[in-house]
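Below is one structure, written out as structure tokens; the observations come after it.
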Amino acid sequence: MRAAQINKYGSKEVVEIDKNATKPALSAGHAIIEARAAGVNPVDWKIREGYLQQMMPLKFPATLGGDFSGVVADIGAGVSGFKKGDEVYGLASVLAGGSGSFADYISADAALIAHKPKNASHTEAAALPLAGISAWDVLVNKMELSKGQKILIHGGAGGIGSIAIQLAKHAGAYVATTVSADDRQYVTGLGADEVIDYKSESFEGLLHGYDAVFDTVGGEVYKKSFSVLKKGGIIVSMLEQPDEELTKKYGVRAMAEATGYAINTHNLSALAALVDRGVIKVHVDRVFLLEHAAEALAHQQSGHPRGKIVLEVKR
């Protein structure tokens, strides 16, 4: 089978397509999936470059990728709720006990998969797991966003941000977002009520009294965002740990969201239901063939995609 792998950490040049990779073995609690598509996330190029090697060193050769959509080919002992031929989606990262999703066949922990949304293609479904669950967990579980509240979403044109805008509007919230000028029409189409060009406008000078801030940018943007909140408000960041000093200064709550933390069968099923009801529309920026995985990762790293990038594994 084919697999996009690395034998050492580095830039795009270290990504190789092994056309004779070993098919993952079936193990208890896991499913073997014949992949149709694989989503590309920022964490994938960070893994490639070795950002996480101190915490979770890879065993080479390592197959890249986490998000996937495909068809169940085999079921391991102890797995229930799935059968051969089922269309499923979920997470198969090697850091989550899987075999990596950038391959023809994937081994995934059955606790990290769910039935694919019926109204989504494999390409769309593969774009959902990490971004969709991150946005869903933050807005629904951590923020408990409700009708009439005001939320600022940083990076609204990205994979997580574009889903967060749609979820926030579904909850009945007023949504402001920061994007580049080129993305104004895109995020307005997603439902954003107020769009701020982060290159030419100061969001902290324009917005006040907000109930929530969802930060997907980090750094100075995260620090400046505290002043946007009203007392008792909440800020959740995908990149920063809570700043206790700023939390006390502004009288707000701060939390962190770890990518993939909330992925499980229950949450993936809830996300699929929202897609099937038309609450969430998956926006795919660009589709690459599996053989072009290196280029797909480079585009994710520097291309500022609208929505998600996906690898087509099987046509």
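The phi torsions of the stretch 267-279, fed into the Karplus equation with coefficients 6.51, -1.76 and 1.60 and a -60° offset, translate into couplings of 5, 5, 5, 5, 5, 4, 5, 5, 5, 5, 7, x, 5 Hz, rounded to whole numbers, with Gly and Pro shown as x. Within the stretch 224-240, find all residues whose amide N lies under 12 Å from a label point positioned 7 Å from the Cα of T247 along Cα-to-beta-carbon. Flagged as within label range: 234-237. What would the Debye equation give as log₁₀ I(q)/I(0) for the chain at q = 0.09, 0.13, 0.14 Å⁻¹, counting only Cα atoms as equal point scatterers? Ignoring solvent entirely, the Cα scatterers give -0.44, -0.90, -1.02. The orientation-averaged projection of the convex hull spanning the C-alpha atoms of the stretch 132-256 amounts to 6.5 square nanometres.
Placing unit charges on the Cβ atoms of the charged side chains and taking the dipole of the stretch 208-315 about its Cα centre, the candidate lying farthest along the positive direction among M255, L271, Y222 is L271. Our summary gives the chain a relative contact order of 20 percent, counting only alpha carbon pairs under 8 angstrom and 6 or more residues apart.
Taken about its Cα centre, the chain carries a charge dipole of about 420 debye when Lys and Arg each add +1 at the Cβ and Asp and Glu each add -1 at the Cβ.
If Lys and Arg each add +1 and Asp and Glu each add -1, what is the summed charge of the other residues whose beta carbon sits under 14 Å from the beta carbon of D44? Net of charged neighbours comes to +1. Return the whole-Å distance between the Cα centroid of the stretch 210-255 and the Cα centroid of the stretch 283-315. Spelled out, the Cα-based centre of one part sits 31 Å from the other.
Ellipticity at 222 nm from helices only: DSSP H runs of n ≥ 4 in the chain, each -39500 (n - 2.57), divided by the residue count, give -6500 deg cm²/dmol. Taking label positions 7 Å along the Cα-Cβ direction at both Q53 and V279, the computed distance is 4.2 nm, reported to one decimal. Treating r as the C-beta distance of D197 and K314 and R0 as 51 Å, the FRET efficiency rounds to 0.80.
Where a number appears in this text, it was derived from the coordinates with a stated rule and is not lab data. As the structure is a computational prediction, the values presented were derived from the model and not from experiment. Methodologically, a virtual Cβ is constructed for each residue, glycine included, from the backbone with ideal geometry; neighbour enumeration extends over all protein chains shown.
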